[in-house]
2 protein chains.
Amino acid sequence: MGITTRQIAKQFKIHHSTVSRALQDDPRISEARRKEIKQFAKKKNYVPNMIAKSFFSKKTYTIGIIVSDLTNSFFSTVTKGIEDFVNQKDYSVFICNTDESIDEEKKDLNTLLEKRVEGIIVASATLDKKYFSELSKIEAPIVLIDRFPLNAPLSYVGINNFEAAYKATKYLLSLGHRRIAHIMGRLESERMQGYSQALKDAGIKNTSNYITQSGLRINDGYKAMQELLKFKQRPTAVLAVTDAVGMGAIAAIKDEGLDVPRDISICGFDDIEYSQFTNPPLTAIRQPVYEIGRRAAEILLNDIKNKHSDLRSKRTHVLLDTELVIRKSCKKLKQK
Amino acid sequence: MGITTRQIAKQFKIHHSTVSRALQDDPRISEARRKEIKQFAKKKNYVPNMIAKSFFSKKTYTIGIIVSDLTNSFFSTVTKGIEDFVNQKDYSVFICNTDESIDEEKKDLNTLLEKRVEGIIVASATLDKKYFSELSKIEAPIVLIDRFPLNAPLSYVGINNFEAAYKATKYLLSLGHRRIAHIMGRLESERMQGYSQALKDAGIKNTSNYITQSGLRINDGYKAMQELLKFKQRPTAVLAVTDAVGMGAIAAIKDEGLDVPRDISICGFDDIEYSQFTNPPLTAIRQPVYEIGRRAAEILLNDIKNKHSDLRSKRTHVLLDTELVIRKSCKKLKQK
DNA sequence: CTGAAAGCGCTTACAG
DNA sequence: CTGAAAGCGCTTACAG
């Protein structure tokens, strides 16, 4: 193992507390001593033991991030936003994937707490109120991202999902579509509600007819679209819960010998980097993904700093703006 | 802060070592004691302090991963592969982004070492031999991925880049292309060499004419392609150093009013999930990305376990197979 | 300017 | 079956 302050001290026949002080540039230690100690430490590749430091100071300079799947472009981008921000402040980050399992999430949470992270950012695999009220009792600051019940007793940053989905659906309606389907996510019911409301506001009944549930990945979208394709009256447009699902849907449509947007229009949600390159380029709601991560990190670090003061914002709720990015995957329907 | 073993001990007027043992299910502690202690601990939300445990045991159950950019599909997939594997063994992972900066990489490495990770997996931002020989002196096991000089004095897992690029270039040649360009990466010179060798073997001189260097992202590919488009004799095919670069190249070609593959064929490298959805679908060399992560994790954990024994494989070199996935972005040239 | 002590929360030999 | 002690590598009041 690495050399310790005690071993350095022995070398100079001094006390290890002096070594500790010299290494910290304590002005009370004489210039000469400091120099020789630091030089020796360097030569011996001394690496301060943060575990011991943390043990003493109660500061670990680490936070944890819990997401469902890093492979998902949304989550890797959020994570990058978080990492970039906290790194500047000398924090490290533990990353945990839950694969949408709430049990895994609880396990991860526990591990993080055992490792004494100073704060946690979580995109939860559940929306269970009880769970969140438990979370809010945890001492370490927590910031929710992406998934959260509005008015959860915790800080969160994300978007207004209802509004965004409403906006997307209205766009589809404005193109003349009436049979608009929605491939919804397990936890993305706000988006589904925004979709439904838009249909209702347009005077469309039975808005739940064309709703099918799916996972968030490409394959999930493929399968969900296959289901929608079985309807005798096929939808003419589909609002997908994520871009990846939208891509899967496009693939399913093509495999059926149909065309996007000629036969069916597709609107995505996220606007990941690759969506501009699909065929056709995907029209989608854009979330400021990186920014979501950055803001969450900012709030978390702030809560950590003010942990013991009243400045701690136990409940900062940030909803960032979304934007409908119109590309080529949605077609205007001819008037009948 | 959370409750400690001492506080629990006080509650029952016993010694904290007894509490420690009860919590560990030490059979020497009486059934009754154990039960009441565990129950009380649970009620009080006792969370064992891993920092203290690590401090004692010298095991932190954490590893570090250093990559250039998590936003890059390749790296997030590798990371997932690593995480999934080590999680089963109860390890946590620190994730560090270097953004291709070697200074940042060194800083990250140092932080990881201070935090006493038990091992590190790194996709380095450099190929400097001196650097790697320094790395090899570090006590913690290290496994290199993606970027490494062949025969580096460290374990690594990746692919045979030379061979893969050779294979891709040969495919382009077989399609009748002669003016084949290569958008190379800063560190991907093996791929470039495979490309050059294939051209040479086909009797093509001046193989460096059509080589241009670029970053690894979409935008980088866009800019690099713009340069290639300026040649009086434009290339008829391009081997891109990554899929993302290939996508950028396609965009640049289209923006110039040209078509892929009609005017220029594009071959990617990686075969990320999104490449099947581009327009046209991207022909690319497929790397077993997730598997690279998994294997690297396996070797690392093995080295950690055998750290002090001869079983430690200080230099396991694994090169996984690649495959050329033919889709629609490369066209057969007509015979003249 | 430097030293000796105490303590952070655990665990594990050593006793009994 | 349980206790008391020592120690992991640091830091920081307290002395002098």
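The values are calculated or read from the model by the stated rules, or taken from the named source; none is laboratory data. From a predicted model like this one, the values you see are computed outputs, not experimental measurements. Neighbour counts run over all protein chains shown; Cβ positions are idealised from the backbone, glycine included. Side chains are part of the model used for accessible areas, which takes the heavy atoms of the whole protein and leaves out ligands, DNA and RNA. Shrake-Rupley method; radii C 1.70, N 1.55, O 1.52, S 1.80 Å.
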Answer residue from segment A:267-296, given it is within 13 Å of chain B (Cβ to nearest Cβ) and of a type in the set (Gly, Ala, Ser) and is nearest to the chain's Cα centre (by Cα) among those = A:293
Based on what the data block shows, is residue A:86 more than 7 Å from chain B (Cβ to nearest Cβ), touching a strand residue (DSSP E or B) at 6+ places or on another chain (Cβ under 8 Å) and under 29 Å from residue B:275 (Cβ atoms)?
-> no
Report, by residue number, each residue of segment A:34-52 that is within 12 Å of chain B (Cβ to nearest Cβ) and open to solvent by less than 80 Å² (accessible area, probe 1.4 Å).
-> A:46, A:47, A:48, A:49, A:50, A:51, A:52
Could you check residue A:5 against (1) surrounded by 15 or more Cβ atoms within 10 Å (Cβ to Cβ); (2) of a type in the set (S, T, N, Q); (3) away from DNA strand C (no atom under 11 Å from the Cβ) and say which number it fails?
-> (3)
Which residue, of A:3, A:8, is among the aliphatic types (A, V, I, L, M), within 13 Å of DNA strand D (Cβ to nearest atom), touching a Phe, Trp or Tyr at 6+ places or on another chain (Cβ under 7 Å) and more than 14 Å from every other protein chain (Cβ to nearest Cβ)?
-> A:8
Go through segment B:11-32 residue by residue and tally those that are open to solvent by 80 Å² or more (accessible area, probe 1.4 Å), modelled with pLDDT of 85 or more and more than 9 Å from DNA strand C (Cβ to nearest atom).
-> 1
Report yes if some residue within segment A:15-33 is among the basic types (Lys, Arg), within 13 Å of chain B (Cβ to nearest Cβ) and within 11 Å of DNA strand D (Cβ to nearest atom); otherwise report no.
-> no
Say we look at segment A:53-105 and pick out the residues that are open to solvent by less than 30 Å² (accessible area, probe 1.4 Å) and within 16 Å of DNA strand C (Cβ to nearest atom); which of these is nearest to residue A:306 (Cα to Cα)?
-> A:60
Could you list, in sequence order, the residues of segment B:99-125 that are of a type in the set (S, T, N, Q) and either at positive phi or more than 10 Å from chain A (Cβ to nearest Cβ) (or both)?
-> B:101, B:124
